[in-house]
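These notes concern the structure reproduced below.
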Amino acid sequence: MGDLDVIQDRPKVDEAQGSGQILQFQLRRRVPAPLPRPIVAEGDTESLDDLAQYEQEDLHINYRHRMLMNVMAVMVVTALVGAGVWIADTIEDMQKAQDCVMQGRQNCAPIELPAKR
């Protein structure tokens, strides 16, 4: 009787055709291996001179502007960290007051006394 229960629980072929989608996977093409670099003789500098177009000169770097941007970045990061600490402190104070009220206490507001002279 257990075998009949298993056979009856299987979905019918007619029901399964509308419920799924068959994806056909395509094989990837193989990428050819890179060609080995030619060995440069000591006297042959023509191929080495081709790299000169990619080298950059340090003459156009403005260090004053660069340092100014670094100082501004430090100031922005410091302001963001300070704002984050202030928000965390405010949330902590609000949480303490809310916990006090939720416990049913009557006098949850902080009382600030004037300083004695």
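No value in this document is a laboratory result; all are computed from the given coordinates. Just so you know, these numbers come straight off a predicted model, no measurement behind them. FYI the Cβ positions are ideal-geometry reconstructions off the backbone, even for glycines, and counts take in every protein chain you see.
Suppose each label sits 7 Å from its Cα in the direction of the beta carbon; what would the Met102-Val81 distance come out to in nanometres?
Those two pseudo-labels are separated by 3.2 nm.
Cα-based Rg of segment 63-105 per 2.2 N^0.38 Å, rounded to two decimals? Walk me through the intermediate numbers first.
Working: Rg = 18.7 Å, N = 43, 2.2 N^0.38 = 9.2 Å.
That ratio works out to 2.03.
Based on the mean of other beta carbon atoms within 10 Å per residue, what is the order of 107-114, 95-102, most packed first?
On the way: 107-114: 7.5, 95-102: 11.6.
Order by mean packing, descending: 95-102, 107-114.
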